[in-house]
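The next block holds one structure in the form of structure tokens; read it before the comments.
The values are calculated or read from the model by the stated rules, or taken from the named source; none is laboratory data. From a predicted model like this one, the values you see are computed outputs, not experimental measurements. Virtual Cβ from ideal backbone geometry, glycine too; neighbours counted across all protein chains shown.
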Amino acid sequence: MRVWRSSRGDLGQEWAWKACQLWDEVWPSSDDSSLSERVDDLRSQESLSRELVAGSEVFHLLDVEGELAAISRSYVREMRFESLGETVPVLALAGVCCSPRFRGKGLATVLVKDAFSRLGEAVPWCLFQTGVPDFYQRLGAFKVENSFVNSRSREGSEASPWWDPFVMVYGDSRNWPEGRVDLLGVAY
């Protein structure tokens, strides 16, 4: 078992292909793009979200004898907290998944802990959405009930940008701000 990190540019064709295959296995694509197109998009610097802080994106990968068993992606982005009256850097966690062949072995836990290890004084929280809150609560994350918006949305900023049922935070729970949070971009 090997846990490693990669930037988008260093991911390489083989691992980008394996990543897209795993994401397709866990969450079948709902669009008409081919796997090859999604791999090209993943490897393209142009596909980077405009919300992320340059140079902050990391892919967390776990392979077992060359087979990609689990993957996640983390990156720093600025969010506006109304109660603080300012923007704050927050670690985004996205695309966390484990191959069905490797589930129940603690591999996703290893990978998520690797992403959480990026937190520190400059970036105190990791914010994410999930359908499996119990998994993250066992790691120390907590559910939040803030109102979330995306002021840059074409559909209107009042609509919740999240699609999963739970929004969670990992980090200093005592200082997590209450009130409205503007993601300043799309959810992830």
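Things to note:
- The set of residues from region 147-156 being out of contact with any Pro (no Cβ under 8 Å at 6 or more places or on another chain) and surrounded by 14 or more Cβ atoms within 10 Å (Cβ to Cβ) comprises just one member, R152.
- Condition met for R80 (farther than 15 Å from A16 by Cα and exposed (fewer than 14 other Cβ atoms within 10 Å of the Cβ)): no
- Qualifying residue in region 78-96 (condition: of a type outside the set (A, V, I, L, M) and farther than 27 Å from E178 by Cα): no
- Identity of the residue in region 24-51, among the hydrophobic types (A, V, I, L, M, F, W, C) and surrounded by 18 or more Cβ atoms within 10 Å (Cβ to Cβ), that ends up modelled with the highest pLDDT: V39
- Selection of region 164-187 for residues being at pLDDT below 95, within 20 Å of F142 (Cβ to Cβ) and surrounded by fewer than 15 Cβ atoms within 10 Å (Cβ to Cβ) yields D172, S173, R174, N175.
- Some residue of region 140-151 being closer than 22 Å to I71 by Cβ, modelled with pLDDT of 95 or more and not acidic (D, E): yes
- Residue pairs meeting the criteria (Cβ under 9 Å; at least 6 apart or on separate chains; first closer than 12 Å to H60 by Cα, in region 10-23; second among the hydroxyl-bearing types (S, T, Y) and surrounded by 15 or more Cβ atoms within 10 Å (Cβ to Cβ)): W15/S6
- Residue within region 92-109 that is under 20 Å from A187 (Cα atoms) and touching a Cys at 6+ places or on another chain (Cβ under 8 Å) present: yes
- Unmet criterion (only one of (1) over 18 Å from the mean Cα position of the chain (by Cα); (2) in contact (Cβ under 8 Å) with a residue 40 or more places away in the chain) for E155: (2)
- Within region 97-116, considering residues that are out of contact with any helix residue (DSSP H, G or I) (no Cβ under 9 Å at 6 or more places or on another chain) and without any contact (Cβ under 8 Å) to a residue 40 or more places away in the chain, the one farthest from P133 (Cα to Cα): R101
- Evaluating S83 against the criteria (1) touching a residue at least 40 places away in the same chain (Cβ under 8 Å); (2) hydroxyl-bearing (S, T, Y); (3) in contact with a Leu (Cβ under 7 Å, 6 or more places away or on another chain) leaves one unmet condition, (3).
- Neighbours by Cβ (under 8 Å, 6+ apart or cross-chain): first from region 124-139, under 19 Å from N175 (Cβ atoms); second at pLDDT below 95 and part of a helix (DSSP H, G or I): P124/N175
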